[in-house]
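Q: Next up is a structure, given as structure tokens.
The values are calculated or read from the model by the stated rules, or taken from the named source; none is laboratory data. The structure presented is a predicted model; accordingly, all values stated were derived computationally and were not measured. Positions of Cβ are backbone-derived with ideal geometry, glycine not excepted, and every protein chain shown enters the neighbour counts.
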Amino acid sequence: MNYFSSDFKLGILGGGQLGKMMLYETRKWDVFTKVLDASADAPSRMSCNEFVLGSLLDFDTVYNFGKDVDILTIEIENVNLDALEKLEDEGVKVYPQPNALRIIQNKAKQKLFYVDNNIPTADFQRFAYLSEIEDSIGNGGLKFPFVWKVAQFGYDGQGVKVVRSLADLEGLPTGECIAETMVPFKNELAVIVSRNAEGEIKTYPVVEMEFHPEANQVEYVICPARIDDKVADKARALALKVADKIGLTGLLAVEMFQTEDDEILVNEVAPRPHNSGHYSIEASYTNQFEQHIRSILGLPLGNTDSKVAGVMVNLVGAEGHTGNVVYKNINEILAMEGVTPHIYGKAQTRPFRKMGHVTIVNSDLNKARAIAEKVKETIQVISK
């Protein structure tokens with residue numbers, strides 16, 4: 001099929017920042033795109049060829065949108081899967097496949113999938129209601145501390161909480177959830193796996209993630225991860241196993257823990273371009289967004305090697321600031337060596353909202369990390 005400068009139409013469910021960065025690549029290749037999002041102010045609205053306003057969770061909206069495209073993909077996994085399954089049955093190519101999204105969309109199902117396929121992961125218990133956790137604590141079946149995770153619709157650190165006492169359960173959603181054993185770990189790692197429609201598969205280098213202690217959001221992504229080569233090889237092999245078992249077409253970001261004894265445990269996965277791969281726009285031969293487009297179109301996969309060391313800093317809304325956004329001191333970071341800011345196009349900031357990211361590249365990883373620290377200390381995402 002001729003995808004370029006033709007009447008081919010690529011549909012994207014979700015118009016957030018991941019969609020916007022995906023559209024950089026479709027613009028580069030003149031691939032016609034149609035985007036569905038529930039917000040009239042979605043970051044992708046200006047970059048696509050056609051924008052449709054509507055709910056990603058409404059069956060009719062997603063189904064009717066999908067009937068008008070040749071290939072349908074996502075930038076967020078919280079979409080109506082019944083509609084995607086019907087579209088797939090009717091011959092629309094849906095990547096990643098709905099059966100893979102069924103596994104991933106619900107964290108309880110995702111964890112059970114790991115157990116069924118002998119994929120190492122932290123021990124957990126599944127609960128239909130939050131009240132069952134309280135009962136389990138009362139009868140000694142569950143002990144503090146543990147990590148509570150909502151089964152569905154969690155994102156960017158929302159829906160995850162360390163529980164050290166009954167008081168920590170107050171105010172949490174009352175529905176399906178999991179309670180996970182806290183794992184003592186050295187590092188949080190991630191590997192992005194790309195798999196095209198022809199079955200070709202590649203991994204990106206292992207990255208290291210440093211998290212904000214309160215918001216449970218990634219603050220820094222460091223590539224390559226500062227780990228032993230044997231540990232990196234183990235992480236990439238495990239990511240490939242997960243991708244093989246799930247069997248999706250597109251990108252799969254596999255988040256992992258490196259334990260104190262250098263075992264690798266899968267934490268969770270995302271079936272799309274991912275925050276842990278943003279560094280690749282500046283630092284890799286083929287960035288993750290181009291690779292996703294290559295994957296779903298069945299094109300040869302690009303080179304996943306890094307050209308240079310890269311560190312990514314997330315730009316999130318400052319505490320105490322809600323309203324029209326101002327990127328204070330952005331001129332100062334632009335004067336720093338190897339710095340490229342990405343602004344997502346969200347007019348309104350609020351505490352911890354992802355508003356952009358900054359990538360720092362350098363031939364010396366330690367220098368890149370030091371400059372990243374300066375960037376973090378300098379720029380502020382505030383309101384007017």
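Q: Suppose we filter Leu87, Leu56, Leu72, Leu101 for residues that are closer than 25 Å to Val31 by Cβ, buried (at least 18 other Cβ atoms within 10 Å of the Cβ), modelled with pLDDT of 95 or more and not assigned by TED's automatic domain parsing to the domain that holds Ala38; which single one remains?
A: Leu101 is the lone residue from the list that is closer than 25 Å to Val31 by Cβ, buried (at least 18 other Cβ atoms within 10 Å of the Cβ), modelled with pLDDT of 95 or more and not assigned by TED's automatic domain parsing to the domain that holds Ala38.
Q: Which one of the conditions (1) under 30 Å from Ser136 (Cα atoms); (2) under 21 Å from the mean Cα position of the chain (by Cα); (3) in a strand (DSSP E or B) does Lys186 fail to meet, given that it meets all the rest?
A: (2)
Q: In addition: Tell me which residues, restricted to region 341-384, are outside any strand (DSSP E or B), over 18 Å from Tyr327 (Cβ atoms) and in contact with a Gly (Cβ under 7 Å, 6 or more places away or on another chain).
A: Ala368
Q: Is there a residue being of a type in the set (S, T, N, Q) and farther than 21 Å from Met355 by Cβ anywhere in region 17-24?
A: No: zero hits.
Q: Take the conditions over 14 Å from Arg272 (Cβ atoms) and surrounded by fewer than 18 Cβ atoms within 10 Å (Cβ to Cβ) and apply them to Asp37. Does it pass?
A: Details: over 14 Å from Arg272 (Cβ atoms): yes; surrounded by fewer than 18 Cβ atoms within 10 Å (Cβ to Cβ): no.
No.
Q: When region 347-364 is examined, which residues are found to be closer than 15 Å to Glu208 by Cα and surrounded by fewer than 17 Cβ atoms within 10 Å (Cβ to Cβ)?
A: If the condition is that a residue be closer than 15 Å to Glu208 by Cα and surrounded by fewer than 17 Cβ atoms within 10 Å (Cβ to Cβ), then no residue fits.
Q: Continuing with the same structure: When residues of region 93-136 are filtered for being in a helix (DSSP H, G or I), touching a helix residue (DSSP H, G or I) at 6+ places or on another chain (Cβ under 8 Å) and basic (Lys, Arg), how many remain?
A: Selection size over region 93-136: 2.
Q: Looking only at region 246-272, count every residue that is under 25 Å from Phe185 (Cα atoms) and either of a type outside the set (D, E, K, R) or not in a strand (DSSP E or B) (or both) and tell me the total.
A: Going through region 246-272 one residue at a time, the tally reaches 18.
Q: If I filter region 164-173 down to residues being in contact (Cβ under 8 Å) with a residue 24 or more places away in the chain and over 24 Å from the mean Cα position of the chain (by Cα), which single residue comes out as surrounded by the most Cβ atoms within 10 Å (Cβ to Cβ)?
A: Here the residue is Leu169.
Q: Condition (residue is β-branched (Val, Ile, Thr) and touching a residue at least 60 places away in the same chain (Cβ under 8 Å)) applied to region 40-62: is it met by at least one residue?
A: So far as region 40-62 goes, no, none of its residues is β-branched (Val, Ile, Thr) and touching a residue at least 60 places away in the same chain (Cβ under 8 Å).
Q: Scan region 74-92 and tell me whether some residue there is under 27 Å from Gln158 (Cα atoms), touching a Ser or Thr at 6+ places or on another chain (Cβ under 7 Å) and assigned to a helix (DSSP H, G or I).
A: Among the residues of region 74-92, not one is under 27 Å from Gln158 (Cα atoms), touching a Ser or Thr at 6+ places or on another chain (Cβ under 7 Å) and assigned to a helix (DSSP H, G or I), which makes the answer no.
Q: Filter region 287-302 down to the residues that are assigned to a loop (DSSP other than H, G, I, E, B) and either among the aliphatic types (A, V, I, L, M) or under 18 Å from the mean Cα position of the chain (by Cα) (or both), then identify the one that is surrounded by the most Cβ atoms within 10 Å (Cβ to Cβ).
A: Only one residue tops the list, namely Asn287.
Q: Turning to a different aspect of this structure: With respect to Val62, determine if the residue is more than 20 Å from the chain's Cα centre (by Cα), not assigned by TED's automatic domain parsing to the domain that holds Leu251 and either not aliphatic (A, V, I, L, M) or not in a loop (DSSP other than H, G, I, E, B) (or both).
A: Taking the combined requirement at face value, the residue satisfies it.
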